[in-house]
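Laboratory data are not the source of any read-out in this text; all were calculated from the coordinates shown. The structure displayed is predicted, hence computed values, not measured ones. Here Cβ is always computed from backbone atoms with ideal geometry, including for glycine, and neighbour counts include all displayed protein chains.
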Amino acid sequence: MVKVAVVQFPGSNCDLDALEILQKTVKVPTDLVWHKDLKEDQYDAYVLPGGFSYGDYLRAGAIAATSPSLETIREATVAGKPVLGICNGFQILVEAGILLGAVLRNAGLRFVCKWTRLRVESTRTPFTNLAKKGQTLRIPIAHNEGRYYLDNDQLAELERNKQIVLRYVNETNIPTKDSNPNGSLDNIAGICNKEGNVMGLMPHPERASLPILSLNNQPDGRLIFDSMIRSFENTVEGENR
Amino acid sequence: MTRSVIEEPQSWTLVEVQKPNLTDEEIRYAVKKLQREPNEVEWAMLEAQWSEHCSYKSSKPLLKRLPSKGPRVLVGPGFDAGVIYIGDGWVVTLHIESHNHPSAIDPYGGAATGVGGVVRDILSLGTRPIALLDPLRFGSMDSLHTRWLFDNVVRGIADYGNCIGVPTVGGEVEFDTFFERNCLVDVVCVGLGRKDKLVLGEARDPGDLVYLVGGRTGRDGIRGASFASKTLAEKSDTERSAVQVPDPFTKKLVIEAILEAVDAKIIQGMKDLGGGGLTCGLSEIAAKAGTGIEIDLNRVQTREPNMQPAEIMISESQERMVLLVREENERKLVNILNKWEIGYAKIGHVTRDSLLIIRRGNEVVAKAPAKFVAEAPPVPRSAKRPEYLDALAEVPEPAMPEDLAQTLIELLSSPNIASKEWIYRQYDHEVGIRTIVKPGQADSAILRLPNKRSLALTTGGNSKQCYVDSYWGTVGVVSEAFCNLVAVGAEPVAAVDHLQFGNPGNPEVYWTFKEAIRAIANYLNAVGVPCVGGKVSFYNEDSMNRRAIKPSPVIAAIGLVESKTPKVLQALSREGDDLIVVGNTSDEMGGSEYYEHIHKLVGGRVPRVNLKKEKTLLRALLRTLRRGDVESLHDISKGGLAVALAEMSVQGHKGVTVDIDTVPNKTSRMDNLLFSESRSRFFLETKPKNSASIVNSFKRLGIPSAKVGTVTDNGIEFLSKRQVIITIPLDEASRAWSEAIPRAMEATP
Amino acid sequence: MSPASFTVEVVVENKSLARDPEGETIHHNLILKGGYSQVTNVRAGKLLRMNVEASSPGEAEQLVRKLCDDLRIYNPAAHVCQVRVVS
Amino acid sequence: MSPASFTVEVVVENKSLARDPEGETIHHNLILKGGYSQVTNVRAGKLLRMNVEASSPGEAEQLVRKLCDDLRIYNPAAHVCQVRVVS
Ligand SMILES: Nc1ncnc2c1ncn2[C@@H]1O[C@H](COP(=O)(O)OP(=O)(O)O)[C@@H](O)[C@H]1O
Ligand SMILES: [Mg+2]
């Protein structure tokens, strides 16, 4: 049976949220794993939750990225397993060098908590395979350091490899300055690695997975987790055949 | 500690004096009780514990008048937080604190550590903090100093609350020149836990071990103390911070570790260390149970060298908790603390003899009955009705504005009324995946509970009205909080109060304090809801001119929403719907935004509440909401009915047309009718077919109600005698309301 | 004298006897756990580097000192603020 | 040689292409609006001051440089990092 790990770092604070959604809403067997206890790659997928690991001191995600658990995660990414970094989890993956670029302090210099519109730019990841390309998702953000940045050459590479997964857009589904909540380069909200199995995003899909919590009563965030389940089914079917 | 910490005036210079900083009566009482002269350490402890701060010596007898019992109350005033049973084995805890003086000096650190303090109270009961609200009071927005305070206070709350993962789901803010130098920074915290895992601040079992957990003990918060240790006096101002440095990361670890220990049921008793530090924590935890505690100061982990016993005993270093644990569970506790890499020290044990014994190695440095230390002799205070009240009661009526539309626009852009989005955008109000109704959407926030019910939370204050009339002003504050709860379909279940005043030694100040308590007690008795805790903060005055702040009672209240109650927000939802008003509007302009902001007029008759009818009204509204015929709803408060309608309209992107003559009222002027802040009123939006039955259901109970207008696709329009008296395009109203605060704050990086 | 351009550094940090949770966390959780035990202490602060036109280094320093106080670049109740001309 | 204690400063700031919204905002909204037009540019960064035991200033500097790279005190995708021994 498949099993997912939500990795808990000192200062994680969306760990229990992600756990609850995975266990009770998505209904996939999930463990909360203390980072020091993640010594071997024994799970089928990993979720690095949001929060303020190590208080965001030095730089969001920077200290957690040196946790030995990241070596295990790295193994899992090489093995092609789905790895999802949400908010602080995204920052950790970037700081660990598993994803490209940097996530800098918001251009507005303030923490921003609000519901955003996201356009799905790529459906090839195990977290977007249920989406249609160009589909909009309404998912909230809440962060102080969410300005995605990398230099022009690398941006071109990201584009070429179809590694941009989500962009902030306006009501008409267009990435604009106004719809960019943090000054991210090219309105980037989420990216994946070259192979596509690792995704990091600033918005919090676990906060948009229950209709009652969503602004429009639509659980758009579930799509991210449901996609992950579907990617398991595909692998399992593949193995059976 | 009964109702938690109070701040006192703090002189930030450390002075050397011989005598303990206690009154002559207190000194005599101490010597008599102890039958000897206390030593230096004991004096320091008594000073700390007998401060207004920890002892409530000026307020205790009065606070007893507040009703505190109810079928859902498991723990009332007297503990770190009130505990309310919400069914299915779950409890909710509730507390309010302020950090006014520290925030006035270091708004960022002061506000942040204020959050830290109230979160510790909630944690002390063994419950997980799940929400924060922040009632704030500042001087005029025109002042640079105010903007600096406001910006940094909001940042401090944001950085702390966001980091520890507790959503800030509501609050309020009031601007008034009386708070220019003494801003009020209050924080409400709500916790969630299991009834069978509650932990109390009582040392019931002799033999239990005393653990000091969390941050190390430094010389923080030691000030103006009489023992004036040389080390203290020598360190100059330039090296020592006048305020505490917030450390939300450590707090987050402390929260998780303690909740893990609570879950394992290995904590016998627990107390957070705030004002008064170890002295307060240990004496109260022992006194509550009639036991004693013996500790060894050599075991306390200190952050600075050469700390004197007195310093250790009164240090207010942040992020510390005292835990009591059975010897057989010690190992388990230590394992949990090690996992989270939190500092700890076993400093002593609970004894049978009801004495507080403080040793340093083998030497006893202080020894006194715990009860004696914990309970300061009460200070009788005299009260006298302030003379200024007569002058405020009668003010000349202002001239009627020529352009009422312009007046409404000005009100919408007054910082007291304008959108507070600039604040709550900076707060993570979603973490915890519980926030069903979010800041700005309705009169109260609503949180998802584990048992199908949900929890409504709100907080309110109104210093402008409480200044003009402290009794009716305070009644109005409590009424607004309860109206906010029923406005989202919640049944009110409990409240906590926070009473913030000037110097209690001033009889006029003390009179307003008494009036506020009388008001809260009368209101709560009338609606049958208990007050489960609170806080008192005296000595709030302008440091320059010594003027006391306006009386500032603040209420936080919670209610339960049953699962079938529909979610109703305040944004208008559909063109063609009817608008209904509930409640009566009178010439009650005292302390209104219209008088104060538009006419710069302070005084007049403050809105009153019909206490005989209030419960009926709240129930009737709740019934209407539960029936499901209400499309949107907003209570009418600051700025009166014109402002309430404009807010509903702007938020729903819908217009309204209202025939003002149809509004039930006893007003003598059009401006009063539009802008009076009469209490217990609501606007309801409903489908036309339901209007009549809703209006009649109120009228039958003797509550004025009428259909007054309709939702349109136009602007905001008020008619009288078929003439348009106000018409404002939606986007103009929207701009006035949403841009006022961000524009004022733009320049602050 | 014609004005020249100077580079002035402003360092804002917590007062020396106050805690510095950021420095402590970086020290314990990153540097010591990373094996660099030769590092015995870490303090974290904010640095602002300004280019200033003035007729002398002394004038540049004074100007920046004044603006730091005036504009509340730091809060004297909680922080210390160092101003130094570096070039 | 017996080791001595050195103070080493590490300054981390954004690469110029990554922009420096904090420096820009302090410059425009605070300093220029405050009337200090002599200030022509502001950059904001983070400063870490470390006490390091080493046998020479050069060794101290090298050690810190190494740990900055090793432990990613800065993110090379966006930051530049300066190390200097101050005493
Ligand atoms: N200091 C604050 N912190 C967080 N939220 C706030 C604060 N002040 C106001 N709010 C939120 O903004 C909204 C409007 O507040 P307010 O203007 O006080 O409402 P009303 O006039 O309807 O009582 C509410 O949801 C409230 O909780
Ligand atoms: Mg309201």
Mind ranking D:42-48, D:5-11, B:26-32 by how tightly packed they are, going by the mean number of other C-beta atoms within 10 angstrom, highest first? D:42-48, D:5-11, B:26-32
Nearest-ten-degree value, helix B:507-527 long axis tilted from longest Cα axis of chain B: 70
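Exactly which trypsin sites (Lys or Arg not before Pro) in region B:356-412 are in a DSSP loop and have at most 14 other Cβ atoms within 10 Å?
Numbers: sites: B:R359, B:R360, B:K367, B:K371, B:R381, B:K384; in loops: B:R381, B:K384.
Sites meeting the loop and neighbour criteria: B:K384.
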P(r) of chain A over all Cα-Cα pairs, 5 Å bins starting at 0, rounded to whole percent, reads 1, 7, 15, 21, 22, 18, 11, 4, 1, 0, 0
Mind checking the angle between helix D:57-70 and chain D's longest principal axis? C-alpha axes, 0 to 90 degrees, to the nearest 10. 70
Taking B:M307, A:M228 and counting other C-beta atoms within 10 Å, the order from fewest to most: B:M307, A:M228
Expected output is a single nm value to one decimal: the length gained when fully extending between B:E739 and B:W148, i.e. 0.36 nm times separation in residues minus the C-alpha distance. What is it? 210.9 nm
Over what distance in Å are the Cα centres of region C:12-80 and region B:397-438 separated? 38
I need the inter-copy label distances for D:S5: point set 7 Å along Cα to C-beta, values in nm with one decimal, smallest first. 4.0
Structure shown: which of B:K567/B:K707; C:K33/D:K66; B:K339/C:K46; B:K64/B:K384 lie over 24 Å apart, alpha-carbon to alpha-carbon? B:K339/C:K46
Which whole-number percent is the relative contact order of region C:4-85 (Cα, under 8 Å, 6+ apart)? 51
Let me know the Kirkwood hydrodynamic radius for region A:1-62, please, with Cα pairs as the basis and the value in Å to one decimal. 12.0
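If we count every other residue with Cβ under 9 angstrom of C:R84's Cβ, Lys/Arg +1 and Asp/Glu -1, where does the sum land? Please report the intermediate quantities before stating the final value.
Working: positive: none; negative: C:E9, C:E61.
Counting the neighbours of C:R84, the net charge comes to -2.
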Shielding of B:436-447 by partners, i.e. mean partner chain Cβ atoms within 10 Å per residue? 1
Average other protein chain Cβ within 10 Å of Cβ, residues D:18-28: 5
Rounded to the nearest Å, the spacing of the alpha-carbon centers of region B:31-78 and region B:676-749 is 48
If amide H atoms are built 1.01 Å from N in the plane of the peptide, which residues on other chains or at least 5 residues away come under 5 Å of the amide H of B:G201? B:D80, B:M270
Arrange B:F682, B:F675 by Cβ neighbour counts within 10 Å, fewest through most, would you? B:F682, B:F675
Sparse-neighbourhood loop sites, trypsin sites (Lys or Arg not before Pro) in region A:11-87 - DSSP loop, at most 15 other Cβ within 10 angstrom: A:K27, A:K39
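What trypsin sites (Lys or Arg not before Pro) does region B:550-621 have in DSSP loop regions with at most 11 other beta carbons within 10 Å?
Values: sites: B:K564, B:K567, B:R574, B:K600, B:R605, B:R608, B:K612, B:K613, B:K615, B:R619; in loops: B:K564, B:K567, B:R574, B:K600, B:R605, B:R608.
When the trypsin sites (Lys or Arg not before Pro) of region B:550-621 are filtered for loop state and at most 11 Cβ neighbours within 10 Å, B:K564, B:K600 remain.
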Of the convex hull enclosing the alpha-carbon atoms of the protein assembly as shown, the direction-averaged projected area in nm² is 48.0
What is the P(r) of region B:609-648, as percent of Cα-Cα pairs per 10 Å bin from 0? 25, 40, 35, 0
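Give me Rg over Rh for region A:100-241, both radii from the alpha carbons and Rh done the Kirkwood way, two decimal places. Don't skip to the answer; put the middle values down first.
Details: Rg = 15.1 Å, Rh = 15.4 Å.
Result: Rg/Rh = 0.98.
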Rg [Å, one decimal], Dmax [Å, integer] - chain B, C-alpha atoms: 26.2, 89
Which residue in chain D puts its Cβ closest to the axis that rotates chain D onto chain C, and at what distance in whole Å? D:L47, 2
Average partner chain C-beta neighbours within 10 Å, per residue of B:249-257? 5
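Note down the Stokes-Einstein diffusion coefficient of chain D in µm²/s, whole number, using a Kirkwood radius over alpha carbon pairs, 10 °C, and 1.306 mPa s. Provide the component values of the computation, followed by the final result.
Details: Rh = 14.6 Å.
Reported coefficient: 109 µm²/s.
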Relative to the longest principal axis of the C-alpha atoms of chain B, give the angle of the C-alpha long axis of helix B:688-700, reported between 0 and 90° and rounded to the nearest 10°. 60
How about A:K162: which lysines have a C-alpha closer than 19 Å to its C-alpha, ignoring those fewer than 8 places off in the same chain? A:K81, A:K132, A:K133, A:K194
First measure r as the distance between the Cβ atoms of A:D178 and A:Q218, then evaluate 1/(1 + (r/R0)^6) with R0 = 25 Å and state the FRET efficiency to the nearest 0.05. 0.65
13 Å beta-carbon shell around D:P57, net charge (K/R +1, D/E -1): -2
Ranked by Cβ crowding within 10 angstrom, fewest neighbours first, how are B:M589, B:M648 ordered? B:M648, B:M589
